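See structure below.
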Amino acid sequence: MNKRINKIFALIADFGIGFTAKYCYYRQTKQYDKYIDIIYKYLKSYCNDLIKKYSSVSFSQGVPSENVWVCWWQGYESMPEFCKMCYGHLRASLPSNHKLTLITKDNYKEYATIPHVVVDKMEQEHIPITQFSDVLRQALIYQNGGLWIDASIWVESGFESTVAWESSFWSVKLNQIDDPNVWGQLISRCQWGSFIMYGQQGNPLFGFVFEAMCKYYGEHNSIIDYFLQNMLIRLGYDSVTLFRAMIDDVSYTNPHLYDLYKLMDESYDISQYKELCEDTYVFKLTQKRPYSALKGGDVTFYGHLKEISEAERE
């Protein structure tokens, strides 16, 4: 309760009583369209100077980046076992010409330059690590180029063939929303997923989002929404012709992106798994809940992934 009250006071300090009252009311009453709309309108006004700045930029496709970035702040040894499975399988699946780097609290400054005010707020716990990692992924791609993959993503061998390495921007893109109750999907309309994004070095789309996030976190002490990163990409898409063209140019891929998650605790069916993998190489999973390796004595889909991971470690 105290945490919630403190957040409300922080929102009032940042946005005023009127905005905070509507914000809390829409969220509490699950009027998510209105909730997203007031946040979006605030950010559009707040980022108006950046929108103008980036509206006139251009970008020519450069050299494809072979960087692949995964982040676990506390380091590999502190990863949940499930994330170790995903990371190990990713490492085993990547062709040798790609460079996989695990970003941690001990090495991130070697690869990304982030304003001191943002780093200080993270260290003072005003910015949660989850939100700081959003800033970090934008910095990594903008400053170095490469593919960001969340630590809980499971990839199938050959997944790199679905990534448009020659393009300035790529992400998983679906032709319909999988779950209208997931705000991230509502905001992006499933045209991108911040959990797996690729960009060539210097791509201004990532520059815009990075700069906007640094501006926001540098001047606010409250988190307006967990999906701020997606909201800013959406703002860039709606406001800057170049960014819209980049995202519109991405082909639809990985249609069963969310389907493996729904099966994780079900008895493993090899034909069903092969069917999923016929046109999908990237699966969005999560480490935030436990999975069962067995169901009624049968190996589950999770159990199958675990067997693959264990075999690769030997």
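Every read-out reported here was derived from the displayed coordinates using simple, explicitly stated rules and does not represent laboratory data. Remember, predicted model here, so these are calculated numbers, not experimental data. No Cβ is skipped: glycine too gets one built from the backbone with ideal geometry, and neighbour counts run over all protein chains shown.
Could you tell me the distance between the Cα centroids of the stretch 192-239 and the stretch 49-109, to the nearest Å?
When both Cα centres are located, 16 Å separates them.
Test of understanding: ordering 172, 63, 250, 117 by Cβ neighbours within 10 Å, fewest first, what list do you get?
63, 117, 250, 172
Using the Cα gyration tensor of the chain, with a ≥ b ≥ c the square roots of its eigenvalues, what is the shape: rounded (a/c below 1.5), prolate (a/b larger than b/c) or oblate (neither)?
Note, shape of the chain comes out prolate.
Relative contact order for the stretch 130-254: what percent, with Cα pairs under 8 Å and sequence separation of 6 or more?
34
Test of understanding: ordering 220, 116 by Cβ neighbours within 10 Å, fewest first, what list do you get?
Lowest to highest Cβ neighbour count: 116, 220.
Which of 44, 105, 284 ends up with the largest GNM mean-square fluctuation for the chain, with Cα atoms connected below 10 Å?
Greatest mean-square fluctuation among the candidates belongs to 105.
What residue among 112, 92, 212 has the largest mean-square fluctuation in a Gaussian network model of the chain, using Cα springs under 10 Å?
In the Gaussian network model the winner is 92.
Using just the helices of the chain, give the 222 nm mean residue ellipticity in deg cm²/dmol: DSSP H runs with n ≥ 4 each add -39,500 (n - 2.57), and the total is spread over all residues, rounded to 500.
One gets -15000 deg cm²/dmol as the mean residue ellipticity at 222 nm.
At a 10 Å Cβ-Cβ cut-off, how would you order 292, 239, fewest neighbours first?
Sorted ascending by nearby Cβ count, the order is 292, 239.
If you take the square roots of the eigenvalues of the alpha-carbon gyration tensor of the stretch 67-248 and sort them as a ≥ b ≥ c, do you get rounded (a/c under 1.5), prolate (a/b over b/c) or oblate?
Rounded is the answer for the stretch 67-248, as its axis ratio a/c remains below 1.5.
With the chain treated as a Gaussian network of Cα nodes joined by springs under 10 Å, which of 243, 59, 132 yields the largest mean-square fluctuation?
Sorting by GNM fluctuation, first place goes to 59.
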